[in-house]
DNA sequence: TGAGTTCGTGGGAACGTTACCACGGAGATT
DNA sequence: AATCTCCGTGGTAACGTTCCCACGAACTCA
């Protein structure tokens, strides 16, 4: 149907030079006269030449293709990461092959194989927890993103600074008079959970709080997971105002739903702090106060790191991006009502 | 660093056959003895052979790569589409190159060029409104998605059935006693707006309502756009309960914010109906009642259509996917309070 | 039994580009 | 003036696969 696409040979013929010279002009090499370059470029324009990336990849080993393997493009946080990576890749003339692993080992393995067969120059991967083997024999340059990167200290990685994020959240809670928040955490299998908990413990110790005395519930990283976790939390005995730090915005929103269903009000009866910074948190009522990860920036930096990795200068090592607090309405300010409550709660 | 990847020649040598025979075994051709195939497959496994898709694409013209150009992967609706397309592509052993155009003509053109240079087998495109030219000279098989597909009746396309969706929404409004809803629409430049309005007018005529008498406001397809549009709507004179049909969920959520800011309640004072079915609508309070587009299915069907298009059998033509109503809490039920109010409003 | 047919196999070309090497001319150096 | 160096150029090989054609063996049918 569509006629043959013009090749570099057609361009060379039209310009009256050899294909070597045409190739030099087209690839921006230096050892060529301005006059010849101009003639080749003009000829290329005239015949409508577009370089065949396949052939380039074949010969030079560089395809201009990058892989991105994330849990789910449908998750707003990962979509942000993908967008950042996409934009940065485009700036450098490379394209992104995007895959969703659904935290499934098999899917991940098959995606990695597809990336290898496509001869991508490298990949950005949020690894499924226990997939060290697959990653190990991936055989191409890669950069890890997300908190599970911690498992692979030898590789370049970009993630949010969970320690700083938890600190930020805790400081804010304390500044609003919530000295002993309850926790809603993700599944035990996820590394991010351990990271979160560790920093949380450190800060409790610094403030003379017994972490073991604080209520804590698990759930899937979903709205429903957060809702049921909050229900369990509300069934417990408690005194006064309840503050909750959720490990993920979706769970926080689910917790908010549970509060409403229990006939309580947020933030009057229960304060909720989220973690992620997804847009949906801005539409809820009250708006979700949350610690926002810089999803887009993570994507951008990951691509930068990957380019370094591909170029054989993996100088970045592990990059941690700072999070920031977004204050909306889901946290009550108790510091005004009860100026001195201190660390006495959680023991009655 | 990493040693040379084994080629089909290595496999052939190991199996003691020619590369032609090895190629036949590996590509699943029929004219080969079971014994030879078995030996080749075994050899391939032994040396860890993985086919070079680049070389295949080079020679056969099929790369196993598909392009997806959407406005923004960060938009939940488009993320769903991307996910559907991604999964279907993976089922067929192809990979997806994902691009975001931001409704920008230049970006779109550059993405299309990148797809051509990558020699993708075809592309799924949500075209920027006025980009007929670029699309026309794209030169590869493609399938359009979204409502702007209407502009290109000659090409295969997959979109939601806006006529059915508007009908669904209007019927629901009427069944709840809202006979003369206000409208919040997208920018005038977008084709989806015209499509929406046309069906809306038809239904007004069928019900003896004068569409011109109904309040109508424009805005960007964003939360902020919906919020300001709603503010303008609330400044108008009105009698009794106000019902609003927004052309997009984000706008509907913005409208909800505006209602709250005006000291009014949803759904007691104002009813809101959305359009899209994004997850965020489930977390708002009240939950957003909306007409949901089948984003994921649209992605799946688009890939199916694209395969047909590539195979040279464009029999699908234009596919319209049905939408469904998701009832949550943003619509008041007036049909109980005022059994017979009919089409008298909007004229007082 | 001889000719025609089928089938599995192997060799070579081709896809479009870049890497490499050799060549010739112009300018610099002795 | 002769040699050396540098630079622009052109030819050729190579990347890894599939396509095409030719070859020989086995098998069928007259």
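The values are calculated or read from the model by the stated rules, or taken from the named source; none is laboratory data. Since we're looking at a predicted model, the values are computed, not measured. Reconstructed Cβ throughout: ideal geometry from the backbone, glycine too, with neighbour counts over all protein chains shown.
Pairs linking a residue in the stretch B:9-22 that is over 19 Å from residue B:55 (Cα atoms) to a residue that is near DNA strand C (Cβ under 7 Å from one of its atoms), with Cβ atoms under 7 Å and 6 or more positions apart or on different chains, are B:17/B:36.
For the stretch B:90-106, give me each residue that is within 10 Å of chain A (Cβ to nearest Cβ) and either in contact with a strand residue (DSSP E or B) (Cβ under 9 Å, 6 or more places away or on another chain) or surrounded by 18 or more Cβ atoms within 10 Å (Cβ to Cβ) (or both). Within the stretch B:90-106, B:90, B:94, B:95, B:96, B:97, B:98, B:99, B:100 qualify.
You will find that of A:298, A:310, A:272, the residue that is in contact with a strand residue (DSSP E or B) (Cβ under 9 Å, 6 or more places away or on another chain) and at pLDDT below 95 is A:310 and no other.
Against the conditions (1) under 26 Å from residue B:245 (Cβ atoms); (2) buried (at least 21 other Cβ atoms within 10 Å of the Cβ); (3) away from chain A (no Cβ under 14 Å), residue B:156 satisfies every one except (1). Candidates are the residues of the stretch A:319-346 that are over 35 Å from the mean Cα position of the chain (by Cα) and not in a helix (DSSP H, G or I); the one that is modelled with the highest pLDDT is A:338.
Just checking, does the stretch A:79-88 include any residue being in contact (Cβ under 8 Å) with a residue 12 or more places away in the chain, within 14 Å of DNA strand C (Cβ to nearest atom), surrounded by 15 or more Cβ atoms within 10 Å (Cβ to Cβ) and more than 10 Å from chain B (Cβ to nearest Cβ)? No, the stretch A:79-88 contains no residue that is in contact (Cβ under 8 Å) with a residue 12 or more places away in the chain, within 14 Å of DNA strand C (Cβ to nearest atom), surrounded by 15 or more Cβ atoms within 10 Å (Cβ to Cβ) and more than 10 Å from chain B (Cβ to nearest Cβ). Every condition in (1) farther than 21 Å from residue B:120 by Cα; (2) surrounded by 15 or more Cβ atoms within 10 Å (Cβ to Cβ) is met by residue A:67 except one, and the failing one is (1).
Would you confirm whether or not the stretch B:5-16 contains a residue that is facing chain A (nearest Cβ under 9 Å) and under 30 Å from residue B:295 (Cβ atoms)? The answer is no, given that none of the residues of the stretch B:5-16 is facing chain A (nearest Cβ under 9 Å) and under 30 Å from residue B:295 (Cβ atoms). Please verify whether the stretch A:120-141 includes one or more residues that are within 11 Å of chain B (Cβ to nearest Cβ) and buried (at least 24 other Cβ atoms within 10 Å of the Cβ). Yes, the stretch A:120-141 contains a residue that is within 11 Å of chain B (Cβ to nearest Cβ) and buried (at least 24 other Cβ atoms within 10 Å of the Cβ). Counting residues in the stretch A:98-112 that are on the phi > 0 side of the Ramachandran plot, at pLDDT 95 or above and more than 15 Å from the chain's Cα centre (by Cα) gives zero. Every condition in (1) at the interface with chain A (Cβ under 9 Å from one of its Cβ atoms); (2) part of a helix (DSSP H, G or I) holds for residue B:73 except the one numbered (2). Which of the residues that make up the stretch B:5-64 are more than 7 Å from DNA strand D (Cβ to nearest atom), within 28 Å of residue B:121 (Cα to Cα) and part of a loop (DSSP other than H, G, I, E, B)? If the condition is that a residue be more than 7 Å from DNA strand D (Cβ to nearest atom), within 28 Å of residue B:121 (Cα to Cα) and part of a loop (DSSP other than H, G, I, E, B), then B:6, B:28, B:29, B:30, B:31, B:48, B:50, B:61, B:62, B:63, B:64 are the ones that fit.
Examine the stretch A:247-257 for a residue that is away from every other protein chain (no Cβ under 14 Å), surrounded by 15 or more Cβ atoms within 10 Å (Cβ to Cβ) and closer than 21 Å to residue A:147 by Cβ, and state whether such a residue exists. The answer is yes; a qualifying residue exists. Among the conditions (1) within 12 Å of DNA strand C (Cβ to nearest atom); (2) under 41 Å from the mean Cα position of the chain (by Cα), residue B:73 misses just one, which is (1). Summed over the stretch B:43-61, the residues that are more than 14 Å from chain A (Cβ to nearest Cβ) and within 14 Å of DNA strand C (Cβ to nearest atom) give a count of 1.
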